[in-house]
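Take a look at the structure below.
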Amino acid sequence: MSGYSVVIPAFNAATTIAETLRSVVAQSIKPDDIVVVDDGSTDDMAAVINALDLKVRLLRQENAGPGSATTRGIAALSTPFIATLDADDLWLPTKIEEQLAHFRRFAQVAGVFTHWRNFRHDRPDAPDAGAVPGWSRSTMMIRREVFDAVGPIVDPPGGRGEMIDWIARAREAGLALDMLDEALTLRRIRPGSLSYGRDATRDRGYLEVARLAMQRRARNRTESS
Amino acid sequence: MQQLVYAVASKDIVFESFDGEAVVLDLSTGKYFGFSDSGSRVWEALSSGVAAHALVGQTAGTSTIRLAELESFIAQLLEFGLLVPAADTPAQPISGALLAELAGTSEPLKVDIHDDLADLIVVDPIHEVEEPRGWPAVKQAS
């Protein structure tokens, strides 16, 4: 038993889920359990997963958002370590091995993230592409008890930013989250993506997350004064 | 300067009013900004094109907005890169509803800058990623 399992929240990811799952089963250290949480998909993703003949548990819920789906998946797992991954991103083969090694070296570390780099949906991976710190679901690996301490991943009403909120809450709780310098995760970028279109609902989610952070700070000030 | 109209500095500056409380975020730096109650209303006015001079002398809580106070507040908004002068833009009228809200405030003009989420927000190069077919197209309760 490797002691870790994987949660993949997924919504209409029929075109990418197979590649994502293959990058999980190709890890140099194999997971004990893989859970895909179907967040109310309307495409044929379930059929795609079944056709792969991999040991994957598929949970289903009404569409509620990626944070909710991730929380649901984590609740279904009991391994000491949990890694999460978006249904269109990929891990490089030693991603988990490096993270588990980091956990072994630093007993006080609560979570380990990795650098990531973008890859284009329609092009082969370009290893020379710039890597940046991937504070995100697709790079995250945590100790199981950390999740119980920080609580559920909450989707901001009408927007994204649920991981920013969760990571901020973990930091505020004084938990040590480390970032590996190596790019061990790949983030999928869709063709024609340099359109500079702003997404108002995503912006709103970020604003909500910022507001929640200020509210927590104000509450802490009141409690400590 | 009190004759000036201002505009939101760039498309990277996004903002929203949550029950009268303004939150502003600079997507390019990941820094965000919180306001006092009166600051929220003045931000709302200035960011929608109300001329600065239209705010001087308005009732805010138990006092009125003084020119020096407003100038120093606006100087901060300019320094933070949230607003830019928009000299040739016609001023918008200030709404009666906003004036009433301003009158009901209790705190002095204030804006605070926060960078605790900056590294988490800038990692997401929003404008480089096309809308995925899945998230964030989460079904909205309408």
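What follows draws every value from the coordinates through simple rules; no lab data is involved. Fair warning: this is a prediction, and the values are worked out from it, not measured in the lab. Every residue, glycine among them, receives a Cβ derived from its backbone with ideal geometry; neighbour counts consider all protein chains shown.
At a glance:
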| item | result |
| --- | --- |
| Of A:Pro80, A:Pro156, A:Pro66, the one that fluctuates the most in a GNM where chain A has Cα springs shorter than 10 Å | A:Pro80 |
| Loop chymotrypsin sites (Phe, Trp or Tyr not before Pro), region A:1-110, which have at most 12 other Cβ atoms in a 10 Å radius of their Cβ (DSSP) | A:Phe106 |
| Region B:102-118 - phi-based ³J(HN,Hα) in whole Hz, Karplus 6.51/-1.76/1.60, Gly and Pro as x | 4, 5, x, 7, 10, 10, x, 4, 7, 10, 10, 9, 10, 10, 5, 9, 4 |
| Bins of 10 Å from zero: percent of alpha-carbon pairs in chain A | 8, 32, 39, 18, 3, 0 |
| All aspartates and glutamates inside 13 Å of A:Lys95 as judged from Cα atoms, apart from same-chain residues fewer than 8 positions distant | A:Asp181, A:Glu182 |
| Ratio Rg/Rh, restricted to region B:6-127 and using Cα atoms, in which Rh is the Kirkwood radius | 0.97 |
| Those aspartates and glutamates that a straight Cα-Cα span of less than 14 Å connects to A:Lys55, excepting residues fewer than 8 apart in one chain | A:Asp32, A:Asp33 |
| Under 16 Å from the Cα of B:Lys31 - lysines, other chains or at least 8 residues apart | B:Lys11 |
| Calculated SAXS-style log₁₀ I(q)/I(0) at q = 0.12, 0.21, 0.26 Å⁻¹ - region A:1-69, Debye, Cα scatterers | -0.29, -0.85, -1.20 |
| Per-residue Cβ neighbour rank within 10 angstrom, fewest leading, A:Ser224, B:Ser48 | A:Ser224, B:Ser48 |
| Selection of trypsin sites (Lys or Arg not before Pro), region A:17-74, meeting DSSP coil and at most 13 other Cβ within 10 Å | A:Lys55 |
